[in-house]
Structure formats: C-alpha cells, structure tokens
Amino acid sequence: MAIQTAKVSIENIDDAEGVESVMTALKNIKGVTAIELEPASNTALIRYDNTDTSIHAFTAAISMVDYVTQPFPIDAPQNPRND
C-alpha cells in the first residue's frame, strides 16, 4: 500500500450541490482515504492508495459530475419541441 496525493481541478463545479456531488463521487472510489476541497483555487486534494485506484478514476468521476450538473439548454437540437 502506497498512499499518494493528487490535486485535481474542479473549476466548472461552482454551486453547493455540485461540490457535494464531487465529494460523493470521490468518496465512493475504493482507495480514497481523504479529500480536501480548495474552493479558492478550484481544486481538490485527494489522498489515495495507489494499489486500489488512480488519478484517472478521479478525473472521470469529476467530469461526470460536471456533465450532469450542467443545465439542459432549452433550445438545443435534441429538444425540438422546446419543452
């Protein structure tokens, strides 16, 4: 077991619900031992066991949170009836 520290960007997550979603997503990754958010620099410090996970899992989890927290544009082509 080798504990590592990674710093990842959370710059597109700017509301309390998004931050909570990031925390939940990261906590659910096996091997994560601690998470410290740094809102001033839009980053998160993650301590993890590198035999269980990697930084790729963190960036994937955060990118999914960013994706699902973005509002759906009402005039998008996928919504031709604008409902």
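The values are calculated or read from the model by the stated rules, or taken from the named source; none is laboratory data. None of these values were measured; they are calculated from a predicted model. FYI the Cβ positions are ideal-geometry reconstructions off the backbone, even for glycines, and counts take in every protein chain you see.
Hey, any hits in region 33-42 for a residue that's touching an Asp or Glu at 6+ places or on another chain (Cβ under 9 Å), polar (S, T, N, Q) and modelled with pLDDT under 80?
no
So, of the residues in region 35-57 that are among the hydrophobic types (A, V, I, L, M, F, W, C) and in a helix (DSSP H, G or I), which turns out to be surrounded by the fewest Cβ atoms within 10 Å (Cβ to Cβ)?
For region 35-57, the residue satisfying everything is 40.
Of the numbered conditions (1) assigned to a strand (DSSP E or B); (2) modelled with pLDDT under 90; (3) more than 10 Å from the chain's Cα centre (by Cα), residue 68 fails exactly one; give the number of that condition.
That leaves (1) as the condition not met.
From (1) assigned to a helix (DSSP H, G or I); (2) in contact with a strand residue (DSSP E or B) (Cβ under 9 Å, 6 or more places away or on another chain); (3) at pLDDT 90 or above, pick out the condition that doesn't hold for residue 30.
Condition (1) is where residue 30 drops out.
Condition first: of a type in the set (Ser, Thr, Tyr) and without any contact (Cβ under 8 Å) to a residue 24 or more places away in the chain. Now tell me which residues in region 35-46 satisfy that.
Once the filter is applied, which keeps residues that are of a type in the set (Ser, Thr, Tyr) and without any contact (Cβ under 8 Å) to a residue 24 or more places away in the chain, region 35-46 yields only 41.
Please specify each residue of region 2-43 satisfying the condition of being touching a Phe, Trp or Tyr at 6+ places or on another chain (Cβ under 8 Å) and closer than 16 Å to residue 64 by Cβ.
Residues satisfying the conditions are 8, 26, 29, 32.
Sort out which residues of region 19-34 are under 12 Å from the mean Cα position of the chain (by Cα) and either surrounded by fewer than 17 Cβ atoms within 10 Å (Cβ to Cβ) or free of Cβ contacts under 8 Å to residues at least 12 places away in the same chain (or both), and write them in order of number. Quick ask: steps written out before the conclusion?
We begin by selecting, within region 19-34, every residue under 12 Å from the mean Cα position of the chain (by Cα); these are 19-29.
Scanning region 19-34 gives 20, 23, 24, 27, 28.
Restricting to region 1-18, and then to whatever is modelled with pLDDT of 90 or more and surrounded by 14 or more Cβ atoms within 10 Å (Cβ to Cβ), can you tell me which residue is farthest from the chain's Cα centre (by Cα)?
Taking the candidates together, the pick is 4.
Going through region 12-30 one residue at a time, which ones are under 14 Å from residue 61 (Cα atoms) and of a type in the set (Gly, Ala, Ser)? Steps first, please.
Restricting attention to region 12-30, the residues satisfying the condition of being under 14 Å from residue 61 (Cα atoms) are 12-13, 18-30.
Answer for region 12-30, where residues must be under 14 Å from residue 61 (Cα atoms) and of a type in the set (Gly, Ala, Ser): 18, 21, 25.
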